[in-house]
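The values are calculated or read from the model by the stated rules, or taken from the named source; none is laboratory data. What you see is a predicted model, and the numbers here were worked out from it, not measured in a lab. Here the Cβ positions follow ideal geometry from the backbone for every residue, glycine too, while neighbour counts run over all protein chains shown. Keep in mind that these areas ignore ligands, DNA and RNA; they rest on the heavy atoms of the full protein, side chains included. Shrake-Rupley method; radii C 1.70, N 1.55, O 1.52, S 1.80 Å.
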Amino acid sequence: MAEYSALSLLRNALSGNKDWKPAWRKPDPKASYDVVIIGGGGHGLSTAYYLAKEHGITNVAVVEKGYLGSGNVGRNTTAVRSNYLLPPNTRFYEHSMKLWENLSHDLNYNVMFSQRGVLNLAHTPAQFDDYARRGNSMRHQGVDAELMSVAEIKRLMPAIDVSASARFPIIGGMMQPRAGTARHDAVAWGYHAVPTGAVSTFSKTAKSPVSCATEIASPALSQPAAKSAPGRSQSLLPAAPAASCSLQESTGCRSKVTCCRPSSRNR
């Protein structure tokens with residue numbers, strides 16, 4: 001599967017978009033599988049993908065009652081961040097963040113991950129102190145965090161009301177520059193469209209209990225290095241403030257995964 005690019009988009013636009021290769025194949029269901037995963041959302045599809053990619057377990061079926069992206073994976077807040085206080089949480093989400101930073105390239109599918117930063121606003125001195133504590137903990141774990149003054153927030157977001165007359169006056173905030181947003185339903189499509197193995201989709205209809213829909217093949221196990229988080233830095237402590245399935249083929253494929261679709265604050 002050739003990678004999607006501006007050149008391929010232009011070439012196919014000029015040809016009337018008639019030369020795109022089908023994204024999905026349509027395999028027949030097997031009589032048995034080594035692993036059956038219930039739920040074809042972000043967790044289910046990524047589990048199938050990494051079973052094949054990292055562990056070589058390729059005889060896998062994913063069963064989804066609806067269509068891809070129909071569950072929570074298509075209805076969440078889209079935020080991607082690792083700005084947590086407790087070290088186990090920080091390490092868990094930072095690992096996830098590094099996966100996100102190369103996910104579109106790894107899947108050859110645009111998951112629309114945009115690292116525009118996440119800013120938490122403080123409205124009380126106690127909340128500002130709490131953000132300083134959290135930011136210091138993040139930096140001890142090697143994760144990026146910046147404590148911001150009101151003036152810095154105003155420069156970053158000129159439209160925001162930082163006046164004392166605001167309903168919820170702002171006295172500072174904490175920023176994680178590498179955080180951002182993504183289309184999580186696109187992630188489900190990407191995991192299914194990526195060459196990770198054979199993925200089959202089944203859908204119940206009024207006349208037939210099962211109909212086949214797609215298949216894929218799996219990628220090489222190598223993965224480009226993700227962006228590394230900044231190393232440890234100085235303390236943030238502030239001065240006290242004033243008061244379903246579908247996959248594509250690619251070179252380097254090696255394993256097979258199958259997906260089936262029966263129709264129809266912790267800090």
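Here is how the numbers come out for the structure above:
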| read-out | value |
| --- | --- |
| S149 being within 28 Å of the chain's Cα centre (by Cα), farther than 30 Å from G69 by Cβ, surrounded by fewer than 21 Cβ atoms within 10 Å (Cβ to Cβ) and small (G, A, S) | no |
| Any hit, region 161-178, residues being more than 17 Å from the chain's Cα centre (by Cα), modelled with pLDDT of 85 or more and of a type in the set (D, E, K, R) | yes |
| Enumerated helices (runs of 4 or more DSSP H) restricted to region 86-200, each holding at least 3 residues that are farther than 30 Å from V62 by Cβ | 125-140, 150-156 |
| Members of region 43-57 that are open to solvent by 20 Å² or more (accessible area, probe 1.4 Å) and either closer than 20 Å to Y109 by Cβ or not in a loop (DSSP other than H, G, I, E, B) (or both) | H43, S46, T47, Y50, L51, E54, H55 |
| In region 58-85, residue surrounded by the most Cβ atoms within 10 Å (Cβ to Cβ) [restricted to those that are of a type in the set (V, I, T) and outside any strand (DSSP E or B)] | V73 |
| When residues of region 1-41 are limited to those that are under 28 Å from N72 (Cβ atoms) and of a type in the set (S, T, Y), the one modelled with the highest pLDDT | Y33 |
| Tally, over region 129-146, of residues that are open to solvent by 40 Å² or more (accessible area, probe 1.4 Å) and farther than 12 Å from V118 by Cβ | 4 |
| Residue list for region 167-194, filter: within 23 Å of T47 (Cβ to Cβ), open to solvent by less than 10 Å² (accessible area, probe 1.4 Å) and not hydrophobic (A, V, I, L, M, F, W, C) | G190, H192 |
